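As C-alpha coordinates, the structure follows; a few thoughts come after it.
The values are calculated or read from the model by the stated rules, or taken from the named source; none is laboratory data. Given the structure is predicted, the values throughout are model-derived calculations rather than measurements. Glycine also receives a Cβ, built like all others from the backbone with ideal geometry; neighbour counts cover every protein chain displayed.
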Amino acid sequence: MGRSNEILARYVERILDTLPDGLFISDVSGMTLYINRMYEQLTGLKQERVVGKNVRSLVQEGIFDHILNPEIVRTGKPTTRVQQLSDGKKLVLSGFPVFDQTGAICLVLTFARDVTSLTDLQERLDGQRQLIEQINDQLAHMAQEHEPDALVFASQSMSRIMALLERFAATDATVLILGETGSGKDVFARLTHSLSLRKGKVMLKVDCGGISESLTESELFGYNPGAFTGASSRGKAGYFEIADGGTIFLDEVGELSLPMQTRLLRVLQDGEIMRVGASSPRKVNVRVIAATNRNLAECVEAGAFRRDLYYRLNVATVRIPPLRERPEDIPPLAEYFLKQYMGKYHKALAFMGVTLDMMATYPWPGNVRELQNMVHSLVITHNGPLVAPQDLPANITGGHTGDGRYYSEEILTGHRPLKDIMAEMERDFLRKAIEVHGSVQKVAGLFHINRSTIFRKLQNGRRSEE
Ligand SMILES: Nc1ncnc2c1ncn2[C@@H]1O[C@H](COP(=O)(O)OP(=O)(O)OP(=O)(O)O)[C@@H](O)[C@H]1O
(Lines give C-alpha, C1' and ligand atoms only; values in the text may rest on other atoms or scores of the structure.)
Protein backbone atom coordinates (compact mmCIF):
# COMPACT_ATOMS: atom_id res chain seq x y z
CA MET A 1 0.00 0.00 0.00
CA GLY A 2 2.81 2.33 1.03
CA ARG A 3 4.60 1.67 -2.25
CA SER A 4 1.48 2.27 -4.28
CA ASN A 5 0.97 5.60 -2.55
CA GLU A 6 4.52 6.51 -3.26
CA ILE A 7 4.14 5.74 -6.98
CA LEU A 8 0.83 7.60 -7.17
CA ALA A 9 2.25 10.60 -5.34
CA ARG A 10 5.17 10.67 -7.75
CA TYR A 11 2.95 10.69 -10.81
CA VAL A 12 -0.06 12.54 -9.47
CA GLU A 13 0.58 15.67 -11.50
CA ARG A 14 1.00 13.70 -14.73
CA ILE A 15 -2.16 11.76 -13.94
CA LEU A 16 -4.08 14.99 -13.41
CA ASP A 17 -2.69 16.33 -16.67
CA THR A 18 -4.44 13.51 -18.55
CA LEU A 19 -7.88 14.69 -17.38
CA PRO A 20 -10.13 15.92 -20.17
CA ASP A 21 -11.36 18.74 -17.87
CA GLY A 22 -9.41 21.62 -16.42
CA LEU A 23 -8.66 21.20 -12.71
CA PHE A 24 -8.05 23.98 -10.20
CA ILE A 25 -7.10 23.02 -6.64
CA SER A 26 -7.22 25.50 -3.79
CA ASP A 27 -7.09 25.18 0.00
CA VAL A 28 -9.59 26.38 2.61
CA SER A 29 -8.02 29.82 2.73
CA GLY A 30 -8.50 30.18 -1.03
CA MET A 31 -4.83 29.73 -1.87
CA THR A 32 -4.26 28.25 -5.35
CA LEU A 33 -2.26 25.04 -5.04
CA TYR A 34 -2.34 23.55 -8.47
CA ILE A 35 -3.80 23.81 -12.00
CA ASN A 36 -3.53 21.02 -14.54
CA ARG A 37 -2.52 21.29 -18.17
CA MET A 38 -6.10 21.33 -19.48
CA TYR A 39 -6.86 24.22 -17.14
CA GLU A 40 -3.89 26.08 -18.59
CA GLN A 41 -5.11 25.38 -22.09
CA LEU A 42 -8.69 26.44 -21.38
CA THR A 43 -7.85 29.65 -19.59
CA GLY A 44 -4.53 30.59 -21.11
CA LEU A 45 -3.23 31.00 -17.52
CA LYS A 46 0.11 29.52 -16.54
CA GLN A 47 0.88 27.71 -13.28
CA GLU A 48 3.40 30.33 -12.26
CA ARG A 49 0.80 33.10 -12.74
CA VAL A 50 -1.77 31.66 -10.33
CA VAL A 51 -0.22 29.10 -8.01
CA GLY A 52 0.38 30.61 -4.59
CA LYS A 53 -2.19 33.33 -5.20
CA ASN A 54 -5.48 33.66 -3.38
CA VAL A 55 -8.59 33.21 -5.51
CA ARG A 56 -9.97 36.48 -4.16
CA SER A 57 -7.01 38.44 -5.44
CA LEU A 58 -7.41 36.71 -8.83
CA VAL A 59 -10.92 38.14 -8.91
CA GLN A 60 -9.58 41.57 -7.95
CA GLU A 61 -7.07 41.35 -10.80
CA GLY A 62 -10.00 40.74 -13.14
CA ILE A 63 -8.86 37.24 -14.11
CA PHE A 64 -12.02 35.55 -12.82
CA ASP A 65 -15.53 36.88 -12.43
CA HIS A 66 -16.77 34.05 -10.22
CA ILE A 67 -15.02 31.80 -7.79
CA LEU A 68 -16.46 28.76 -6.05
CA ASN A 69 -13.98 28.30 -3.26
CA PRO A 70 -15.47 30.59 -0.56
CA GLU A 71 -18.98 29.19 -1.08
CA ILE A 72 -17.84 25.56 -0.92
CA VAL A 73 -15.73 26.22 2.15
CA ARG A 74 -18.73 27.86 3.79
CA THR A 75 -21.36 25.26 2.84
CA GLY A 76 -19.29 22.11 2.46
CA LYS A 77 -21.37 21.27 -0.60
CA PRO A 78 -20.53 20.85 -4.28
CA THR A 79 -21.66 23.63 -6.56
CA THR A 80 -21.74 24.61 -10.24
CA ARG A 81 -21.39 27.96 -11.93
CA VAL A 82 -20.59 29.41 -15.34
CA GLN A 83 -17.35 31.37 -15.41
CA GLN A 84 -16.78 34.10 -17.94
CA LEU A 85 -13.09 34.72 -18.63
CA SER A 86 -11.67 38.10 -19.59
CA ASP A 87 -11.31 36.90 -23.22
CA GLY A 88 -15.05 36.15 -23.34
CA LYS A 89 -14.71 32.37 -23.17
CA LYS A 90 -17.27 30.61 -20.98
CA LEU A 91 -16.46 27.71 -18.71
CA VAL A 92 -18.77 25.57 -16.64
CA LEU A 93 -17.20 25.20 -13.22
CA SER A 94 -18.06 22.28 -10.93
CA GLY A 95 -16.54 22.56 -7.50
CA PHE A 96 -16.21 19.78 -4.90
CA PRO A 97 -14.98 19.88 -1.30
CA VAL A 98 -12.35 17.37 -0.16
CA PHE A 99 -12.47 16.46 3.56
CA ASP A 100 -9.64 15.33 5.83
CA GLN A 101 -9.84 12.47 8.36
CA THR A 102 -11.50 14.78 10.90
CA GLY A 103 -14.26 15.69 8.44
CA ALA A 104 -12.99 19.22 7.94
CA ILE A 105 -12.62 20.65 4.46
CA CYS A 106 -9.01 20.67 3.41
CA LEU A 107 -9.19 21.27 -0.33
CA VAL A 108 -11.53 22.53 -3.00
CA LEU A 109 -11.34 20.87 -6.43
CA THR A 110 -12.82 22.88 -9.26
CA PHE A 111 -13.28 21.18 -12.61
CA ALA A 112 -13.65 23.47 -15.61
CA ARG A 113 -15.25 22.45 -18.89
CA ASP A 114 -15.32 24.50 -22.02
CA VAL A 115 -18.97 24.95 -23.00
CA THR A 116 -18.22 25.63 -26.63
CA SER A 117 -18.42 21.87 -27.14
CA LEU A 118 -21.83 21.91 -25.41
CA THR A 119 -22.89 24.83 -27.56
CA ASP A 120 -21.85 22.80 -30.58
CA LEU A 121 -23.97 19.94 -29.36
CA GLN A 122 -26.86 22.30 -28.72
CA GLU A 123 -26.54 23.62 -32.25
CA ARG A 124 -26.51 20.09 -33.63
CA LEU A 125 -29.60 19.28 -31.56
CA ASP A 126 -31.27 22.44 -32.80
CA GLY A 127 -30.43 21.43 -36.35
CA GLN A 128 -31.96 17.99 -35.80
CA ARG A 129 -35.03 19.50 -34.22
CA GLN A 130 -35.36 21.85 -37.18
CA LEU A 131 -35.09 18.94 -39.56
CA ILE A 132 -37.77 17.02 -37.66
CA GLU A 133 -39.97 20.12 -37.73
CA GLN A 134 -39.56 20.44 -41.48
CA ILE A 135 -40.35 16.79 -42.00
CA ASN A 136 -43.43 17.17 -39.78
CA ASP A 137 -44.46 20.26 -41.72
CA GLN A 138 -44.19 18.38 -44.96
CA LEU A 139 -46.06 15.40 -43.54
CA ALA A 140 -48.81 17.73 -42.33
CA HIS A 141 -49.05 19.24 -45.78
CA MET A 142 -49.13 15.82 -47.36
CA ALA A 143 -51.94 14.90 -44.99
CA GLN A 144 -53.93 17.78 -46.44
CA GLU A 145 -53.70 16.17 -49.81
CA HIS A 146 -56.64 13.89 -49.41
CA GLU A 147 -58.93 13.32 -52.35
CA PRO A 148 -61.25 16.25 -52.90
CA ASP A 149 -64.60 15.76 -51.16
CA ALA A 150 -67.49 14.63 -53.30
CA LEU A 151 -69.15 17.59 -54.97
CA VAL A 152 -72.88 17.70 -54.69
CA PHE A 153 -75.00 20.05 -56.74
CA ALA A 154 -78.09 20.12 -58.94
CA SER A 155 -78.17 23.76 -59.99
CA GLN A 156 -77.35 25.10 -63.43
CA SER A 157 -75.13 27.75 -61.91
CA MET A 158 -72.93 25.15 -60.26
CA SER A 159 -72.62 23.02 -63.39
CA ARG A 160 -71.48 26.13 -65.25
CA ILE A 161 -68.88 26.74 -62.53
CA MET A 162 -67.69 23.14 -62.79
CA ALA A 163 -67.22 23.51 -66.55
CA LEU A 164 -65.35 26.77 -66.02
CA LEU A 165 -63.04 25.29 -63.40
CA GLU A 166 -62.26 22.31 -65.61
CA ARG A 167 -61.11 24.73 -68.28
CA PHE A 168 -59.09 26.82 -65.80
CA ALA A 169 -57.53 23.76 -64.20
CA ALA A 170 -55.83 22.70 -67.43
CA THR A 171 -54.24 26.11 -68.11
CA ASP A 172 -51.93 26.43 -65.10
CA ALA A 173 -53.19 30.01 -64.72
CA THR A 174 -53.66 31.63 -61.33
CA VAL A 175 -57.23 30.98 -60.22
CA LEU A 176 -59.19 33.29 -57.95
CA ILE A 177 -62.20 31.81 -56.16
CA LEU A 178 -64.66 34.24 -54.65
CA GLY A 179 -67.57 33.38 -52.44
CA GLU A 180 -69.17 33.84 -49.07
CA THR A 181 -67.92 31.91 -46.09
CA GLY A 182 -68.86 28.23 -46.20
CA SER A 183 -69.89 28.32 -49.84
CA GLY A 184 -67.34 25.71 -50.92
CA LYS A 185 -64.26 27.68 -52.02
CA ASP A 186 -61.96 25.15 -50.38
CA VAL A 187 -63.67 22.22 -52.10
CA PHE A 188 -63.40 23.93 -55.47
CA ALA A 189 -59.76 24.83 -54.94
CA ARG A 190 -58.93 21.17 -54.29
CA LEU A 191 -60.95 20.17 -57.29
CA THR A 192 -59.05 22.62 -59.50
CA HIS A 193 -55.75 21.13 -58.37
CA SER A 194 -56.94 17.56 -58.82
CA LEU A 195 -58.07 18.33 -62.38
CA SER A 196 -54.76 20.03 -63.25
CA LEU A 197 -51.52 18.63 -64.64
CA ARG A 198 -50.03 19.04 -61.18
CA LYS A 199 -52.48 16.62 -59.60
CA GLY A 200 -49.75 14.17 -58.50
CA LYS A 201 -47.85 16.97 -56.78
CA VAL A 202 -48.31 18.70 -53.46
CA MET A 203 -51.26 21.03 -52.89
CA LEU A 204 -50.52 23.17 -49.92
CA LYS A 205 -53.21 25.24 -48.23
CA VAL A 206 -52.09 28.39 -46.46
CA ASP A 207 -54.55 30.27 -44.33
CA CYS A 208 -53.35 33.84 -44.93
CA GLY A 209 -55.66 35.16 -42.21
CA GLY A 210 -54.22 32.76 -39.67
CA ILE A 211 -50.50 33.48 -40.01
CA SER A 212 -49.20 35.82 -37.38
CA GLU A 213 -48.09 39.16 -38.78
CA SER A 214 -44.43 38.91 -37.78
CA LEU A 215 -43.94 35.39 -39.04
CA THR A 216 -45.80 35.70 -42.30
CA GLU A 217 -42.82 36.49 -44.45
CA SER A 218 -40.61 33.71 -43.13
CA GLU A 219 -43.46 31.21 -43.20
CA LEU A 220 -44.32 31.97 -46.80
CA PHE A 221 -40.84 32.48 -48.17
CA GLY A 222 -38.51 30.80 -45.65
CA TYR A 223 -35.40 32.26 -44.10
CA ASN A 224 -31.65 31.94 -44.27
CA PRO A 225 -29.40 31.06 -41.31
CA GLY A 226 -29.08 33.95 -38.87
CA ALA A 227 -31.96 35.91 -40.44
CA PHE A 228 -33.33 36.87 -37.04
CA THR A 229 -32.96 36.06 -33.35
CA GLY A 230 -34.28 32.58 -32.75
CA ALA A 231 -33.83 31.56 -36.39
CA SER A 232 -32.44 28.08 -36.91
CA SER A 233 -28.78 27.93 -37.85
CA ARG A 234 -29.74 25.99 -40.97
CA GLY A 235 -32.47 28.26 -42.28
CA LYS A 236 -35.88 26.99 -43.25
CA ALA A 237 -37.89 26.53 -46.41
CA GLY A 238 -41.13 28.51 -46.66
CA TYR A 239 -44.46 27.32 -48.01
CA PHE A 240 -43.63 28.38 -51.58
CA GLU A 241 -40.51 26.23 -51.60
CA ILE A 242 -42.31 23.27 -50.03
CA ALA A 243 -45.00 23.55 -52.72
CA ASP A 244 -42.43 23.81 -55.53
CA GLY A 245 -43.72 21.87 -58.54
CA GLY A 246 -47.23 21.79 -57.11
CA THR A 247 -50.00 24.18 -56.12
CA ILE A 248 -50.31 26.63 -53.27
CA PHE A 249 -53.81 27.52 -52.12
CA LEU A 250 -53.85 30.95 -50.50
CA ASP A 251 -57.07 30.95 -48.54
CA GLU A 252 -58.34 34.32 -47.29
CA VAL A 253 -55.86 36.09 -49.59
CA GLY A 254 -57.69 39.35 -48.84
CA GLU A 255 -56.26 39.23 -45.30
CA LEU A 256 -52.63 39.51 -46.43
CA SER A 257 -50.87 42.65 -45.23
CA LEU A 258 -49.75 45.17 -47.86
CA PRO A 259 -46.02 44.26 -47.51
CA MET A 260 -46.91 40.60 -48.00
CA GLN A 261 -49.00 41.49 -51.04
CA THR A 262 -45.92 43.13 -52.56
CA ARG A 263 -43.92 39.96 -52.04
CA LEU A 264 -46.66 37.77 -53.42
CA LEU A 265 -46.80 39.97 -56.51
CA ARG A 266 -43.12 39.27 -57.07
CA VAL A 267 -43.70 35.51 -56.97
CA LEU A 268 -46.55 35.82 -59.46
CA GLN A 269 -44.60 38.12 -61.78
CA ASP A 270 -41.14 36.57 -61.72
CA GLY A 271 -41.67 33.10 -60.28
CA GLU A 272 -39.07 34.00 -57.65
CA ILE A 273 -39.04 34.07 -53.90
CA MET A 274 -36.63 35.77 -51.56
CA ARG A 275 -35.90 34.03 -48.27
CA VAL A 276 -35.74 36.37 -45.30
CA GLY A 277 -32.08 37.30 -44.83
CA ALA A 278 -31.10 36.15 -48.35
CA SER A 279 -29.34 38.39 -50.86
CA SER A 280 -30.44 36.59 -54.01
CA PRO A 281 -33.81 35.17 -55.08
CA ARG A 282 -34.69 31.53 -55.76
CA LYS A 283 -36.81 30.28 -58.63
CA VAL A 284 -39.97 28.40 -57.74
CA ASN A 285 -42.55 26.78 -59.96
CA VAL A 286 -45.80 27.02 -58.08
CA ARG A 287 -49.35 27.38 -59.28
CA VAL A 288 -51.38 29.77 -57.18
CA ILE A 289 -55.03 29.34 -56.35
CA ALA A 290 -56.38 32.13 -54.18
CA ALA A 291 -59.69 32.49 -52.41
CA THR A 292 -61.44 35.15 -50.43
CA ASN A 293 -64.84 36.03 -49.08
CA ARG A 294 -63.99 39.72 -49.34
CA ASN A 295 -64.93 41.98 -52.18
CA LEU A 296 -61.40 42.50 -53.49
CA ALA A 297 -62.42 45.28 -55.90
CA GLU A 298 -63.77 47.24 -52.94
CA CYS A 299 -60.61 46.49 -50.94
CA VAL A 300 -58.60 47.95 -53.85
CA GLU A 301 -60.70 51.12 -53.81
CA ALA A 302 -60.25 51.35 -50.03
CA GLY A 303 -56.45 51.04 -50.44
CA ALA A 304 -56.31 47.76 -48.48
CA PHE A 305 -55.40 45.59 -51.46
CA ARG A 306 -52.82 46.33 -54.16
CA ARG A 307 -54.43 47.07 -57.48
CA ASP A 308 -51.64 45.41 -59.50
CA LEU A 309 -51.91 42.24 -57.40
CA TYR A 310 -55.66 42.25 -57.84
CA TYR A 311 -55.23 42.38 -61.64
CA ARG A 312 -52.68 39.56 -61.45
CA LEU A 313 -55.00 37.38 -59.38
CA ASN A 314 -58.16 38.28 -61.22
CA VAL A 315 -57.27 36.36 -64.40
CA ALA A 316 -59.32 33.20 -64.11
CA THR A 317 -61.98 34.06 -61.56
CA VAL A 318 -64.97 32.08 -60.37
CA ARG A 319 -67.60 33.22 -57.96
CA ILE A 320 -69.26 30.44 -55.99
CA PRO A 321 -72.86 31.60 -55.51
CA PRO A 322 -74.21 31.57 -51.97
CA LEU A 323 -76.58 28.72 -51.24
CA ARG A 324 -79.63 31.01 -51.18
CA GLU A 325 -79.00 31.78 -54.87
CA ARG A 326 -79.16 28.06 -55.74
CA PRO A 327 -81.90 26.53 -53.58
CA GLU A 328 -82.01 23.48 -55.90
CA ASP A 329 -78.68 22.40 -54.34
CA ILE A 330 -80.08 22.40 -50.80
CA PRO A 331 -82.07 19.10 -50.85
CA PRO A 332 -79.30 17.02 -52.49
CA LEU A 333 -76.69 18.53 -50.15
CA ALA A 334 -78.89 17.86 -47.12
CA GLU A 335 -79.42 14.24 -48.25
CA TYR A 336 -75.69 13.86 -48.85
CA PHE A 337 -74.75 15.11 -45.38
CA LEU A 338 -77.53 13.05 -43.80
CA LYS A 339 -76.11 9.91 -45.37
CA GLN A 340 -72.62 10.85 -44.28
CA TYR A 341 -73.56 11.38 -40.63
CA MET A 342 -75.94 8.41 -40.52
CA GLY A 343 -72.96 6.25 -41.45
CA LYS A 344 -70.85 7.90 -38.79
CA TYR A 345 -73.42 7.58 -35.98
CA HIS A 346 -75.03 4.32 -37.14
CA LYS A 347 -78.50 5.83 -37.32
CA ALA A 348 -81.27 5.59 -39.91
CA LEU A 349 -83.11 8.83 -40.68
CA ALA A 350 -84.94 10.27 -43.66
CA PHE A 351 -86.11 13.77 -44.50
CA MET A 352 -89.77 14.23 -45.32
CA GLY A 353 -90.17 15.99 -48.67
CA VAL A 354 -91.76 18.94 -46.94
CA THR A 355 -88.79 19.24 -44.60
CA LEU A 356 -86.44 19.51 -47.55
CA ASP A 357 -88.73 22.10 -49.15
CA MET A 358 -88.74 24.06 -45.94
CA MET A 359 -84.95 23.93 -45.80
CA ALA A 360 -84.77 25.19 -49.37
CA THR A 361 -86.58 28.38 -48.37
CA TYR A 362 -84.10 29.29 -45.65
CA PRO A 363 -81.31 31.68 -46.80
CA TRP A 364 -78.39 29.83 -45.09
CA PRO A 365 -76.15 32.80 -44.24
CA GLY A 366 -73.41 30.30 -43.31
CA ASN A 367 -73.97 28.50 -46.61
CA VAL A 368 -73.06 24.84 -47.09
CA ARG A 369 -71.15 24.75 -43.82
CA GLU A 370 -74.23 25.87 -41.90
CA LEU A 371 -76.34 23.26 -43.66
CA GLN A 372 -73.77 20.58 -42.92
CA ASN A 373 -73.61 21.55 -39.24
CA MET A 374 -77.38 21.63 -38.95
CA VAL A 375 -77.69 18.13 -40.42
CA HIS A 376 -74.87 16.95 -38.17
CA SER A 377 -76.62 18.09 -35.00
CA LEU A 378 -79.94 16.75 -36.27
CA VAL A 379 -78.44 13.29 -36.69
CA ILE A 380 -77.00 13.45 -33.20
CA THR A 381 -80.16 14.69 -31.49
CA HIS A 382 -83.03 13.18 -33.51
CA ASN A 383 -84.19 9.64 -32.98
CA GLY A 384 -86.07 9.42 -36.26
CA PRO A 385 -86.80 7.75 -38.49
CA LEU A 386 -88.58 10.66 -40.25
CA VAL A 387 -87.38 14.24 -39.99
CA ALA A 388 -90.42 16.54 -40.06
CA PRO A 389 -90.33 20.34 -40.45
CA GLN A 390 -90.90 20.83 -36.72
CA ASP A 391 -87.70 18.86 -36.05
CA LEU A 392 -85.71 21.62 -37.71
CA PRO A 393 -84.32 24.48 -35.63
CA ALA A 394 -86.79 27.35 -35.17
CA ASN A 395 -84.63 29.79 -37.11
CA ILE A 396 -85.06 27.58 -40.18
CA THR A 397 -88.79 26.96 -39.97
CA GLY A 398 -89.37 30.60 -39.13
CA GLY A 399 -90.77 29.69 -35.68
CA HIS A 400 -94.54 29.65 -36.13
CA THR A 401 -95.93 32.00 -33.56
CA GLY A 402 -99.65 31.67 -34.28
CA ASP A 403 -102.09 34.07 -35.87
CA GLY A 404 -102.59 36.22 -32.77
CA ARG A 405 -99.41 38.13 -33.61
CA TYR A 406 -101.20 40.16 -36.29
CA TYR A 407 -103.45 41.68 -33.69
CA SER A 408 -100.63 42.56 -31.34
CA GLU A 409 -100.16 46.00 -29.81
CA GLU A 410 -97.13 46.63 -32.03
CA ILE A 411 -98.99 45.91 -35.29
CA LEU A 412 -102.24 47.67 -34.29
CA THR A 413 -100.49 50.90 -33.33
CA GLY A 414 -99.62 51.12 -37.02
CA HIS A 415 -95.91 51.75 -37.08
CA ARG A 416 -95.32 49.30 -39.94
CA PRO A 417 -96.49 49.66 -43.55
CA LEU A 418 -99.47 47.47 -44.45
CA LYS A 419 -97.44 46.03 -47.34
CA ASP A 420 -94.93 44.54 -44.90
CA ILE A 421 -97.63 43.11 -42.65
CA MET A 422 -99.40 41.54 -45.64
CA ALA A 423 -96.13 40.08 -46.93
CA GLU A 424 -95.54 38.54 -43.52
CA MET A 425 -99.01 37.05 -43.40
CA GLU A 426 -98.49 35.72 -46.90
CA ARG A 427 -95.27 34.05 -45.89
CA ASP A 428 -96.85 32.48 -42.83
CA PHE A 429 -99.69 31.23 -44.98
CA LEU A 430 -97.29 29.73 -47.53
CA ARG A 431 -95.23 28.02 -44.82
CA LYS A 432 -98.35 26.58 -43.27
CA ALA A 433 -99.60 25.44 -46.68
CA ILE A 434 -96.28 23.73 -47.44
CA GLU A 435 -96.42 22.02 -44.07
CA VAL A 436 -99.99 20.84 -44.63
CA HIS A 437 -99.65 19.73 -48.24
CA GLY A 438 -96.13 18.41 -47.96
CA SER A 439 -94.71 19.96 -51.12
CA VAL A 440 -94.00 23.34 -52.62
CA GLN A 441 -95.01 21.94 -56.01
CA LYS A 442 -98.45 21.08 -54.69
CA VAL A 443 -98.93 24.47 -53.03
CA ALA A 444 -97.85 26.15 -56.28
CA GLY A 445 -100.53 24.20 -58.21
CA LEU A 446 -103.26 24.72 -55.60
CA PHE A 447 -102.81 28.46 -55.28
CA HIS A 448 -101.87 29.26 -58.88
CA ILE A 449 -98.47 30.60 -58.13
CA ASN A 450 -95.02 29.70 -59.46
CA ARG A 451 -92.72 27.53 -57.39
CA SER A 452 -89.92 30.09 -57.80
CA THR A 453 -92.28 32.88 -56.65
CA ILE A 454 -92.95 30.91 -53.48
CA PHE A 455 -89.22 30.61 -52.86
CA ARG A 456 -88.71 34.30 -53.58
CA LYS A 457 -91.50 35.38 -51.23
CA LEU A 458 -90.22 33.17 -48.43
CA GLN A 459 -86.64 34.32 -48.89
CA ASN A 460 -87.53 38.02 -49.01
CA GLY A 461 -89.08 37.46 -45.67
CA ARG A 462 -85.92 35.89 -44.30
CA ARG A 463 -83.89 38.90 -45.35
CA SER A 464 -86.21 41.40 -43.79
CA GLU A 465 -86.50 39.30 -40.63
CA GLU A 466 -82.70 39.20 -40.24
N1 LIG B 1 -70.84 21.33 -53.42
C2 LIG B 1 -70.48 20.72 -52.28
N3 LIG B 1 -70.65 19.41 -52.14
C4 LIG B 1 -70.31 18.77 -50.99
N5 LIG B 1 -69.81 19.38 -49.91
C6 LIG B 1 -69.63 20.71 -49.99
C7 LIG B 1 -69.95 21.44 -51.17
N8 LIG B 1 -69.66 22.75 -50.95
C9 LIG B 1 -69.20 22.83 -49.71
N10 LIG B 1 -69.16 21.61 -49.10
C11 LIG B 1 -68.74 21.31 -47.72
O12 LIG B 1 -69.14 22.42 -46.93
C13 LIG B 1 -68.15 22.77 -45.97
C14 LIG B 1 -67.71 24.20 -46.20
O15 LIG B 1 -67.07 24.31 -47.47
P16 LIG B 1 -65.67 25.02 -47.67
O17 LIG B 1 -64.78 24.81 -46.49
O18 LIG B 1 -65.14 24.62 -49.01
O19 LIG B 1 -66.14 26.54 -47.70
P20 LIG B 1 -65.27 27.84 -47.89
O21 LIG B 1 -65.99 28.70 -48.88
O22 LIG B 1 -63.85 27.50 -48.21
O23 LIG B 1 -65.38 28.48 -46.45
P24 LIG B 1 -64.45 29.62 -45.76
O25 LIG B 1 -64.62 30.88 -46.55
O26 LIG B 1 -65.04 29.73 -44.40
O27 LIG B 1 -63.06 29.07 -45.78
C28 LIG B 1 -67.02 21.76 -46.17
O29 LIG B 1 -67.17 20.73 -45.23
C30 LIG B 1 -67.23 21.25 -47.58
O31 LIG B 1 -66.77 19.92 -47.69
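Would you check if there is a residue in the stretch 142-159 being within 16 Å of the ligand (Cβ to nearest atom), at pLDDT 90 or above and of a type in the set (F, W, Y)? So far as the stretch 142-159 goes, yes, one or more of its residues are within 16 Å of the ligand (Cβ to nearest atom), at pLDDT 90 or above and of a type in the set (F, W, Y). Mind checking whether some residue in the stretch 287-294 is under 21 Å from P365 (Cβ atoms), polar (S, T, N, Q) and at pLDDT below 95? Among the residues of the stretch 287-294, at least one is under 21 Å from P365 (Cβ atoms), polar (S, T, N, Q) and at pLDDT below 95, which makes the answer yes. Residues being in a loop (DSSP other than H, G, I, E, B) and either within 16 Å of the ligand (Cβ to nearest atom) or of a type outside the set (G, A, S) (or both): count how many of those fall in the stretch 234-277. Qualifying residue count, the stretch 234-277: 6. When you check Y336 against the structure, is it within 16 Å of the ligand (Cβ to nearest atom) and among the aromatic types (F, W, Y), yes or no? Spelling it out, Y336 is indeed within 16 Å of the ligand (Cβ to nearest atom) and among the aromatic types (F, W, Y).
Among the residues of the stretch 281-289, some residue qualifies, meaning at least one is within 13 Å of the ligand (Cβ to nearest atom) and in contact with a Phe, Trp or Tyr (Cβ under 8 Å, 6 or more places away or on another chain). Inclusion of L125 among residues that are at pLDDT 75 or above, among the aliphatic types (A, V, I, L, M), not in a strand (DSSP E or B) and not assigned by TED's automatic domain parsing to the domain that holds V59 is warranted.
Which residues, taken from the stretch 307-334, are part of a loop (DSSP other than H, G, I, E, B) and either within 24 Å of F455 (Cβ to Cβ) or modelled with pLDDT of 95 or more (or both)?
Result: P321, P322, R326.
Considering the stretch 170-194, and only residues there that are without any contact (Cβ under 8 Å) to a residue 60 or more places away in the chain and under 27 Å from the mean Cα position of the chain (by Cα), the residue that is nearest to the ligand (Cβ to nearest atom) turns out to be V187. Of the conditions (1) within 30 Å of D391 (Cα to Cα); (2) assigned to a loop (DSSP other than H, G, I, E, B); (3) away from the ligand (no atom under 13 Å from the Cβ), G303 satisfies every one except a single condition; which number is it? Here G303 meets the rest and fails (1). Checking each residue in the stretch 252-281 for being of a type in the set (K, R) and in contact (Cβ under 8 Å) with a residue 24 or more places away in the chain picks out R263, R275. If you take the residues of the stretch 182-199 that are among the basic types (K, R) and part of a helix (DSSP H, G or I), which of them is surrounded by the most Cβ atoms within 10 Å (Cβ to Cβ)? Only one residue fits best here, namely K185.
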